[in-house]
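Engineer: Below: one structure in structure tokens.
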Amino acid sequence: MKLLFLDAPYNGEVKLCKETLNYLAKKSYKTIGLYASIQFSNNLDKVKKQLKKASVKIITSKAKRTHSKGQILGCDSYHNSLNLPDNKLAEIDCYLYIGDGRFHPLALIYRQKSLAKKNFKEVICNDPIDNQLFLVDFDSVRGITTKYKSSLMKFLTAENIGIINTVKPGQEQLSTSYILEEKYPDKNFYHFLDDNVSFDQLENFPFIEVWVNTACPRIGFDDQEKFAKGIININDAFKAEKILQTIN
């Protein structure tokens, strides 16, 4: 079956509301990392002009899984997802997300989970539809990251690991899961292959001590509550010990 993906850009005006501009000024932010969901990422000219007028420097990039500069996806939730070198990341005072909803800007939170609190960058959100400011901070996901840390500890001590694989294009990582199996030869790995993840069906395999997710990385974060045995993402499984030393 041939698939055709079309962008659906917002046809209204995209600009920063007065509240957002005042907040940036109040916090004295001089350099921001600018990102938006696909509906708004190609229509940021006015936003950039407003920031330039406010003497704010913009840093942005084409994230790894996107097809346009400044766009961010909910799965861009790893340290290197933004395709920015460390020196550029260090320049950023805060992140400014243009869009509605919290799903996409939370990716900017999760990708900082291994940073020390003093290095954590605030995520400011400007909703161009409702013309309002809202903030997404680390405290809003602290419960999730605490459980994630527990799942990482379970993974390191567990003998029987269940790996969830999907056959969906763009998410399939079966070969990567075999590489993970080679990294931990003392563990028993069981591979579960499907096109959709049915959380309730996983309870049929009580011998599994912890799960490894190879599909959308947001499953490993947002769906922690649905996995009684715990779950981690495969990228983090390769460096579980290192992440445990730094995760907030």
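The values are calculated or read from the model by the stated rules, or taken from the named source; none is laboratory data. Since this is a predicted model, take the numbers as computed values, not measurements. Neighbour counts are summed over all protein chains in view; Cβ atoms, including those assigned to glycine, are modelled from backbone coordinates with ideal geometry.
Engineer: Can you list residue pairs whose Cβ atoms sit under 9 Å apart, with the first residue in segment 227-248 being at positive phi and the second being of a type in the set (Ser, Thr, Tyr)? Count only pairs 6 or more apart in sequence or on different chains.
Structural biologist: Sorted first by the residue in segment 227-248, then by its partner, the pairs are 230/148; 230/150; 230/151.
Engineer: In segment 23-49, what count of residues is obtained for those that are surrounded by 12 or more Cβ atoms within 10 Å (Cβ to Cβ) and either among the polar types (S, T, N, Q) or more than 25 Å from the chain's Cα centre (by Cα) (or both)?
Structural biologist: Going through segment 23-49 one residue at a time, the tally reaches 9.
Engineer: Another question about this same structure. Being farther than 24 Å from residue 65 by Cβ and touching a residue at least 24 places away in the same chain (Cβ under 8 Å): is that true of residue 93 here?
Structural biologist: Details: farther than 24 Å from residue 65 by Cβ: yes; touching a residue at least 24 places away in the same chain (Cβ under 8 Å): yes.
So residue 93 passes the test.
Engineer: Right, another one. Kindly provide the set of residues from segment 52-61 that are crowded, with 16+ Cβ neighbours inside 10 Å and in a loop (DSSP other than H, G, I, E, B), ordered by number.
Structural biologist: 56, 60, 61
Engineer: In segment 196-205, is there at least one residue being touching a helix residue (DSSP H, G or I) at 6+ places or on another chain (Cβ under 8 Å), hydrophobic (A, V, I, L, M, F, W, C), modelled with pLDDT under 95 and surrounded by fewer than 17 Cβ atoms within 10 Å (Cβ to Cβ)? Break it down stepwise before answering.
Structural biologist: First pass over segment 196-205, keeping only residues touching a helix residue (DSSP H, G or I) at 6+ places or on another chain (Cβ under 8 Å): 197, 199.
Next, from what is left, pick out any that are hydrophobic (A, V, I, L, M, F, W, C): 197, 199.
When the remaining residues are screened for being modelled with pLDDT under 95, the result is 197, 199.
Checking which are surrounded by fewer than 17 Cβ atoms within 10 Å (Cβ to Cβ) leaves us with 199.
Yes; the residues of segment 196-205 include at least one that is touching a helix residue (DSSP H, G or I) at 6+ places or on another chain (Cβ under 8 Å), hydrophobic (A, V, I, L, M, F, W, C), modelled with pLDDT under 95 and surrounded by fewer than 17 Cβ atoms within 10 Å (Cβ to Cβ).
Engineer: Okay, moving on. Could you tell me whether any residue of segment 206-217 is surrounded by fewer than 17 Cβ atoms within 10 Å (Cβ to Cβ) and not assigned by TED's automatic domain parsing to the domain that holds residue 79? Spell out the reasoning first.
Structural biologist: Filtering segment 206-217 for residues surrounded by fewer than 17 Cβ atoms within 10 Å (Cβ to Cβ) gives 206-207.
Okay, now just the ones that are also not assigned by TED's automatic domain parsing to the domain that holds residue 79, so 206-207.
Yes: segment 206-217 contains one or more residues that are surrounded by fewer than 17 Cβ atoms within 10 Å (Cβ to Cβ) and not assigned by TED's automatic domain parsing to the domain that holds residue 79.
Engineer: Which residues, counting only those in segment 66-106, are in contact with a strand residue (DSSP E or B) (Cβ under 9 Å, 6 or more places away or on another chain) and either in the same structural domain as residue 152 (by TED's automatic domain parsing) or under 18 Å from residue 221 (Cβ atoms) (or both)? So that I can check it myself, show each step before the final result.
Structural biologist: Initially, segment 66-106 is screened for residues in contact with a strand residue (DSSP E or B) (Cβ under 9 Å, 6 or more places away or on another chain), giving 70-72, 76-78, 82, 84, 88-89, 91-102, 104-106.
Residues satisfying the conditions are 72, 76, 77, 78, 82, 95, 97, 101, 102, 104, 105, 106.
Engineer: Filter segment 138-184 down to the residues that are under 23 Å from residue 112 (Cα atoms) and of a type in the set (Phe, Trp, Tyr), then identify the one that is modelled with the highest pLDDT. Working first, answer last.
Structural biologist: Residues of segment 138-184 that are under 23 Å from residue 112 (Cα atoms), as a first pass: 138-156, 171.
After this cut, where a residue has to be of a type in the set (Phe, Trp, Tyr) as well, the list is 138, 148, 155.
Values: 138: 81, 148: 91, 155: 97.
Looking at residues that are under 23 Å from residue 112 (Cα atoms) and of a type in the set (Phe, Trp, Tyr), I get 155.
Engineer: Identify the residue in segment 206-238 that is at pLDDT below 90 and more than 17 Å from the chain's Cα centre (by Cα) and, among all such residues, is farthest from residue 107 (Cα to Cα).
Structural biologist: Top of the filtered list is 228.
Engineer: Looking only at segment 3-24, decide whether some residue is part of a loop (DSSP other than H, G, I, E, B) and closer than 25 Å to residue 221 by Cα.
Structural biologist: Of all residues in segment 3-24, those part of a loop (DSSP other than H, G, I, E, B) come to 3-17.
From the residues that got through so far, the ones that are closer than 25 Å to residue 221 by Cα too are none.
No, that holds for no residue.
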